[in-house]
Amino acid sequence: MRTSWADSVANSASETAVSDKNSLRRPTRSTYVPPHLRNRPASDTPNLSGPASERTSFNGTAGGSQWSRPSMGGGGVTKPELGRHNQVYGYAGAGRGGGGWNNRNGGWDRREREVNPFSDNDEADVTDQAFSEQESSGINFDAYEDIPVETSGENVPPPVNTFAEIDLGELLNQNIRRCKYVKPTPVQRHAIPIVLGGRDLMACAQTGSGKTAAFCFPIISGIMREQYVQRPRVARTAYPLALILSPTRELSCQIHGEAKKFSYQTGVKVVVAYGGAPINQQLRELERGVDILVATPGRLVDLLERARVSLQMIRYLALDEADRMLDMGFEPQIREIVEQMDMPNRGMRQTMLFSATFPREIQRLASDFLSNYIFLAVGRVGSSTDLIVQRVEFVQESDKRSHLMDLLHAQRENVVHGKQTLTLVFVETKKGADSLEHWLCINGFPATTIHGDRTQQERELALRSFKSGKTPILVATDVAARGLDIPHVAHVVNFDLPNDIDDYVHRIGRTGRAGKTGLATAFFNEGNSSLARPLAELMQEASQEVPAWLTRYASRATYGGSKNRRYGGGRFGGRDFRREGSLGRNLDHYGGGGGNSGSAYGVPGNYGGNAPGVSSAWD
DNA sequence: TTAAACA
């Protein structure tokens, strides 16, 4: 049964009230009962004796060389071949009171070695106590309450309202509590049941809306459920069960960090591989076993060619920032990885694509990777509350620097909790980034820069220095436009506007993160004419003040081609292109957007004949 | 044409 949007808002509002007001009260958590044991009389002996005992005996050999042990070919007792390191996932403890997702009860316990990812509080370098206290959950849920959500596809699993009602497993639930996640964000409420239900997913959701958890939770949970993961034992080749690809190294690092937290003490191993860093350490990590591999495409291809990684055991494939991953620069590589290597075909694996924006062409490409998928669109954070204030100023190329200086001077007054607020300045080129950084520094503004011509060390140092407030100005190319979660960026300046409106959306998304407010200023001049119309539309849809001169530019600008054309207005990053096909030309009026997109989306039943199972959260 | 992604 589907809950209505109003209901879910009411429900979650009441939950917040309870959990916020009385933090001492622990959430009631029922003892987990695995699916195959449910609805049985209490006397029924758990049907675990066979495998469990084998598991126990088998575990004694844990730590032995997994390479040299011959496979148990024709032996009388067919013992399950366990994965590397004898990873045992399953319900070994289900018979006991505590019940649940026991795992890795091996002779040696990795938990002792596993670094506690929750102890090194990476927020600490960013904020003082008062700040982080208040923001411990990291997400301002009030800002999420009225976000519209739309799903389409066949038999869409209904959303959930709490983590408790999802079968994620107790170990993962513990980590969710450690992360101080009180309740799922909209994208999590919808995406997690979809993925747990075994479905493929194309999801439009802004990063910072809890997207990483939305695909990590079901992956980790699913891997924990795999009782016996039989992986080939080929010396020095790693067989991950899940692959998460992202377009930049920093984003891969970030996802890896998150995934480590979520998988802490679950026995699920997460490894990251990206370029610009020595490969040897990554190889060692891989040899120690990997369940979830987070990678950038280039390094992954390298690893595949060296046969140090095989994709033949992949059950889950997630593409983060999928629209970037499938654009001109990346598509061939992604296609090679997904289609030319040894990865199981679509339908034999679960594929999840996430991005804040999903142009139609990209959706068409992406559908090659998907099987009977569900399309999920979560409205932009702040689409109604306007968490990001957008400004456009007409600035000639030659005036940009002094104009930026003015902004930065004003920003200087803006001190929160004794710290200078952070400003992220986007430029078009790598050279431009360097020269602007240099100019800022000699003019007394501590700045650093991140772009693809810098070494990985320099890039990571720049990011740390910015996050810590040591250099509160970061000049960046589009390498920093997507996905990076930098808390407390108060101001995004589009010193050079991008050519593509989607890039603009991603860039300004670096502020107003997790439901907080932010400011985005763009420098516009004749060179950006092609962006005038989509920009004006976007701003109007976001209830921003559109300067009259921009409107004039917009009406003057030729509006050719599908590039820079938005679908379904600004509340979502895209709409299901399968529907557009079925609706034919009628849909053209959506392209213009113009504020009535809400009603266009919200009317249920419009698509009944064409898209069975369509459910609107606005019902 | 930019940018990103392996040595």
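Yes or no, residue by residue, for (1) more than 15 Å from the chain's Cα centre (by Cα); (2) in a loop (DSSP other than H, G, I, E, B):
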{"residue": "A:Glu250", "(1), (2)": "no, no"}
{"residue": "A:Cys253", "(1), (2)": "no, no"}
{"residue": "A:Ala259", "(1), (2)": "no, no"}
{"residue": "A:Gly267", "(1), (2)": "yes, yes"}
{"residue": "A:Leu286", "(1), (2)": "yes, no"}
{"residue": "A:Val290", "(1), (2)": "yes, yes"}
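Residues of the range A:323-352 that are out of contact with any helix residue (DSSP H, G or I) (no Cβ under 7 Å at 6 or more places or on another chain) and farther than 24 Å from A:Ala191 by Cβ: A:Met328, A:Gly329, A:Pro332, A:Arg335, A:Glu339, A:Gln340, A:Asp342. Within the range A:265-276, being open to solvent by 20 Å² or more (accessible area, probe 1.4 Å) and either among the hydrophobic types (A, V, I, L, M, F, W, C) or within 9 Å of DNA strand B (Cβ to nearest atom) (or both) holds for A:Val272, A:Tyr274, A:Gly276.
Within the range A:427-454, work out how many residues are part of a helix (DSSP H, G or I) and more than 16 Å from DNA strand B (Cβ to nearest atom).
Number of matching residues: 4.
Residue pairs whose Cβ atoms lie under 6 Å apart, separated by 6 or more positions or on different chains, with the first residue in the range A:377-403 and closer than 21 Å to A:Ala554 by Cβ and the second open to solvent by 60 Å² or more (accessible area, probe 1.4 Å) and modelled with pLDDT under 90, are A:Ser383/A:Arg571; A:Asp386/A:Ser543.
A:Pro498 passes every criterion in (1) more than 13 Å from DNA strand B (Cβ to nearest atom); (2) open to solvent by less than 40 Å² (accessible area, probe 1.4 Å) apart from (1).
Can you tell me which residue in the range A:345-361 is nearest to A:Arg306 (Cα to Cα), limited to those that are free of Cβ contacts under 8 Å to residues at least 40 places away in the same chain and open to solvent by 30 Å² or more (accessible area, probe 1.4 Å)?
Within the range A:345-361, the first condition is being free of Cβ contacts under 8 Å to residues at least 40 places away in the same chain, and the residues that meet it are A:345, A:347-349.
Going one step further and asking which of them are open to solvent by 30 Å² or more (accessible area, probe 1.4 Å), we end up with A:345, A:347-348.
Numbers: A:Asn345: 22, A:Gly347: 27, A:Met348: 25 Å.
Within the range A:345-361, the match that is nearest to A:Arg306 (Cα to Cα) is A:Asn345.
Applying the criterion of at least 2 residues that are modelled with pLDDT of 90 or more to the helices (runs of 4 or more DSSP H) found wholly in the range A:87-205 leaves A:170-178, A:186-196.
For the range A:405-424, does any single residue satisfy the condition of being within 16 Å of DNA strand B (Cβ to nearest atom) and in a helix (DSSP H, G or I)? It would help to see each step written out before you state the result.
Residues of the range A:405-424 that are within 16 Å of DNA strand B (Cβ to nearest atom), as a first pass: A:424.
Within this subset, residues satisfying the condition of being in a helix (DSSP H, G or I) are none.
Scanning the range A:405-424, I find no residue that is within 16 Å of DNA strand B (Cβ to nearest atom) and in a helix (DSSP H, G or I), so the answer is no.
Taking the numbered list (1) of a type outside the set (Ser, Thr, Tyr); (2) at pLDDT 95 or above; (3) within 12 Å of DNA strand B (Cβ to nearest atom) in turn, A:Leu326 passes all entries but (2).
Does the range A:264-278 contain at least one residue that is assigned by TED's automatic domain parsing to the domain that holds A:Leu171 and touching a Cys at 6+ places or on another chain (Cβ under 8 Å)? Scanning the range A:264-278, I find at least one residue that is assigned by TED's automatic domain parsing to the domain that holds A:Leu171 and touching a Cys at 6+ places or on another chain (Cβ under 8 Å), so the answer is yes.
Scanning the range A:278-303 for residues that are within 14 Å of DNA strand B (Cβ to nearest atom), farther than 10 Å from A:Arg236 by Cα and open to solvent by less than 20 Å² (accessible area, probe 1.4 Å) gives A:Gln282, A:Leu293, A:Val294, A:Ala295, A:Thr296, A:Pro297, A:Leu300, A:Val301, A:Leu303. Confirm whether A:Ala214 is outside any loop (DSSP other than H, G, I, E, B) and farther than 19 Å from A:Gly347 by Cβ. Considered against the rule, which asks whether it is outside any loop (DSSP other than H, G, I, E, B) and farther than 19 Å from A:Gly347 by Cβ, A:Ala214 comes out as yes.
Regarding the range A:225-239, can at least one residue be identified that is closer than 30 Å to A:Asp478 by Cα and open to solvent by less than 10 Å² (accessible area, probe 1.4 Å)? No, the conditions are met nowhere in the range A:225-239. Criterion applied to A:Leu436, A:Leu407, A:Leu463 was being open to solvent by less than 10 Å² (accessible area, probe 1.4 Å) and assigned by TED's automatic domain parsing to the domain that holds A:Val505, and the one residue passing it is A:Leu436.
The values are calculated or read from the model by the stated rules, or taken from the named source; none is laboratory data. This is a predicted model, so every value here is computed, not measured. Backbone-built Cβ (ideal geometry, glycine too); neighbour counts: all protein chains shown. Accessible surface is based on the protein model in full, side chains and every heavy atom, while ligands, DNA and RNA are left aside. Shrake-Rupley method; radii C 1.70, N 1.55, O 1.52, S 1.80 Å.
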